[in-house]
1. Can you tell me which of (1) within 16 Å of the chain's Cα centre (by Cα); (2) of a type in the set (A, V, I, L, M, F, W, C); (3) crowded, with 21+ Cβ neighbours inside 10 Å is the one PHE163 doesn't meet?
2. If we scan the stretch 23-37, do we find a residue that is among the hydroxyl-bearing types (Ser, Thr, Tyr) and under 17 Å from VAL194 (Cα atoms)?
3. Taking GLY24, is it crowded, with 17+ Cβ neighbours inside 10 Å and closer than 24 Å to ALA220 by Cα?
4. Condition test on LEU180, is it in contact with a strand residue (DSSP E or B) (Cβ under 8 Å, 6 or more places away or on another chain), over 22 Å from LEU48 (Cα atoms) and surrounded by 17 or more Cβ atoms within 10 Å (Cβ to Cβ)?
5. So which residues in the stretch 180-189 are closer than 23 Å to MET170 by Cβ and either near the ligand (Cβ under 10 Å from one of its atoms) or not basic (Lys, Arg) (or both)?
6. I'd like to verify a number: residues in the stretch 207-227 that are in a helix (DSSP H, G or I), touching a residue at least 12 places away in the same chain (Cβ under 8 Å) and more than 6 Å from the ligand (Cβ to nearest atom), how many?
7. Go over the candidates LYS174, LYS149 one by one and state the one that is among the charged types (D, E, K, R) and loosely packed, with under 14 Cβ neighbours inside 10 Å.
8. Sort out which residues of the stretch 143-183 are touching a residue at least 12 places away in the same chain (Cβ under 8 Å) and polar (S, T, N, Q), and write them in order of number.
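The values are calculated or read from the model by the stated rules, or taken from the named source; none is laboratory data. Keep in mind the model is a prediction, meaning the values are calculated, not measured. Please note: Cβ atoms are built from the backbone with ideal geometry, for glycine as well, and neighbour counts cover all protein chains shown. Just so you know, the surface numbers come from the protein's heavy atoms only, side chains and all, with ligands and any DNA or RNA stripped out. Shrake-Rupley method; radii C 1.70, N 1.55, O 1.52, S 1.80 Å.
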Amino acid sequence: MAHLADDRALVLLSGGQDSTVCLGWALNRYAHVETIGFDYGQRHRVELACRQVIRERLAGGICGPGELGEDHLVQLDALGAISETAMTRDVAIATDETGLPTTFVPGRNLIFLSFAAALAYRRGCRHIVLGVCETDFSGYPDCRDDTIKAMQVALNLGMDARFVLQTPLMWQDKAATFALAEKIGGARFVDLVVEETHTCYLGDRSLRHPWGYGCGTCPACSLRAAGWARWQGETPAD
Ligand code: ZN
């Protein structure tokens, strides 16, 4: 069986709010933490640029004693090439006839997890951490708890390993995610999440809101803004 160390974790870091809070969570919990990201031709490539800034600011230990190890950026051009979605093409963000948002990239998290596990196997990381969330999941079926649990079984069987897929945000909404960030790293971590993480589907970083940068109107911005308002104890505008 694969040798995996209990104090080593691999975090799927996209550069968004959720994956950044997951990275802070992991640094608070494991001795050695590495990150993996995927370049699949996503439209909001600005997220990828955020990753390095986030890593630099988190290397200072604001979230805990964990050592921030290597970053691994995986090129997945093939995923973009086979996906006709609003994430990778100039398609309007809306809900299509299946009831799923047009931002849905079919099977994305299944593919990401397969690559992450292959890397975690080589790097000896027992824990694979990802920021999926069933509460605010926009209907993406590959963010569901059952999907992740099924993937854990499949990966462990297929690699003869004992990975643990950690999803600290699975049952948290965006307000709880801000609260978790504060609990882990105080105001400095909240400030990092607001300033440096990217959520907006349109890749807009020209407008600064109290909750961070973004167009302010796409579904991802709306979710983040509403979560911030709830966490601040404000009544949402609508
Ligand atoms: Zn937006």
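1. That leaves (1) as the condition not met.
2. Checking the stretch 23-37: not a single residue is among the hydroxyl-bearing types (Ser, Thr, Tyr) and under 17 Å from VAL194 (Cα atoms).
3. yes
4. no
5. So the first thing to find is which residues in the stretch 180-189 are closer than 23 Å to MET170 by Cβ, and the list is 180-185, 189.
Result: LEU180, ALA181, GLU182, ILE184, GLY185, PHE189.
6. The initial filter retains those residues of the stretch 207-227 that are in a helix (DSSP H, G or I), namely 219-227.
Adding the requirement that they be touching a residue at least 12 places away in the same chain (Cβ under 8 Å) leaves 219-221, 223-227.
The next check asks that each one be more than 6 Å from the ligand (Cβ to nearest atom); those that pass are 219, 223-227.
Total satisfying the criteria: 6.
7. Values: LYS174 fails: loosely packed, with under 14 Cβ neighbours inside 10 Å.
The unique qualifying residue is LYS149.
8. Of everything in the stretch 143-183, those that are touching a residue at least 12 places away in the same chain (Cβ under 8 Å) and polar (S, T, N, Q) turn out to be THR147, GLN152, GLN166, THR167, GLN172, THR177.
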